[in-house]
Amino acid sequence: MVPPWSWKAAAFAAAVRGAAFFLTNLQAGRGEATKALIVEAVFAFVTGGLIGAISQQLRNAEPLWANAAVVWIGLPGVMLLAQSGVHRLAHTPHLSGGLVLSFLVSSASAAFSWYAMRHGAMLGGSEETTILHDMEVLPKILLNFLIAGPKMVASALRPKHHG
């Protein structure tokens, strides 16, 4: 399985995770914060694109719960291990805060990207959707993504009626 590398997920990951490392390292000074941003942006560009590509390949896999666990926890968890090593080599000063924030952001963004891909947006490779298409459909997809969890909880709590 050779997935199409997801440049959309890569760009999003580099911007968001780079900002997370910049913010968590500002207390060490602007120079250290900028270095942490650059290290993370480059790393996130590579891993975000790879996670996006894998997510696209898995978007219709079953069972849904196992697929979600791999995309939301497994892939960001593996990325976290590699990310920790990269930042240790770069001597990033405030590593733990950046790693925690980055994992949370990576998990949430991987979940949303996977959800969007399941709904026909943010696709790459031979199925690539245009930026214009994505911009048109993503607001509705985002709203549905945000209410999907509460809807599942409400459904689980609703009394079952037996025939």
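The values are calculated or read from the model by the stated rules, or taken from the named source; none is laboratory data. These figures come from a predicted structure and were not determined experimentally. Note: ideal-geometry Cβ built from the backbone for every residue, glycine included; neighbour counts use all protein chains shown. The area values use the complete protein model at the heavy-atom level, side chains included, leaving out ligands, DNA and RNA. Shrake-Rupley method; radii C 1.70, N 1.55, O 1.52, S 1.80 Å.
Distance between the pseudo-spin-label points of VAL100 and VAL42 (7 Å out from Cα toward the beta carbon): 2.8 nm.
The share of accessible area on the stretch 13-163 that comes from carbon and sulfur is 72 percent, using a 1.4 angstrom probe.
Restricting the calculation to Cα atoms, the chain shows an Rg/Rh of 1.04 when the hydrodynamic-style radius is the Kirkwood one. Heavy-atom accessible surface of LEU58, to the nearest 10 Å², is about 40 Å², with a 1.4 Å probe and all protein chains retained. Straightening the chain between ALA28 and TRP5 buys 4.8 nm, computed as 0.36 nm per residue apart minus the Cα-Cα spacing. The stretch between GLU136 and ALA19 holds 39.6 nm of extra length on full extension. This uses 0.36 nm per residue minus the Cα-Cα distance.
Select from GLU128, GLU62, GLU32 the residue whose mean-square fluctuation is largest in a Gaussian network model of the chain (Cα-Cα springs shorter than 10 Å). In the Gaussian network model the winner is GLU62. With all protein chains in place and ligands, DNA and RNA left out, the 1.4 Å accessible area ranks ILE141, ILE38, ILE54 as ILE38, ILE54, ILE141, largest first. The HN-Hα couplings worked out from phi for the stretch 127-141 by the Karplus form 6.51 cos²θ - 1.76 cosθ + 1.60 (θ = phi - 60°) are 9, 3, 9, 6, 4, 4, 4, 4, 5, 6, 9, 5, x, 5, 5 Hz, whole numbers, x standing for Gly and Pro. Of the residues GLY98, ALA121, ALA154, the one whose Cα sits farthest toward the positive end of the charge dipole of the chain, with +1 on the Cβ of Lys and Arg and -1 on the Cβ of Asp and Glu, is ALA154. Note on HIS91 and HIS119: the extension gain reaches 6.1 nm, defined as 0.36 nm multiplied by sequence separation minus the Cα-Cα distance. Working from label points 7 Å from Cα in the Cα-to-Cβ sense, the ASN60 to HIS161 distance is 3.4 nm. Among HIS94, HIS133, HIS119, the residue with the largest mean-square fluctuation in a Gaussian network model of the chain, with springs joining Cα atoms closer than 10 Å, is HIS133. Accessible area per residue for the stretch 57-133 is 51 Å², calculated with a 1.4 Å probe on protein heavy atoms, without ligands, DNA or RNA. Highest mobility in the GNM of the chain, judged by mean-square fluctuation with C-alpha springs under 10 Å and restricted to PRO93, PRO76, PRO139, is found for PRO139.
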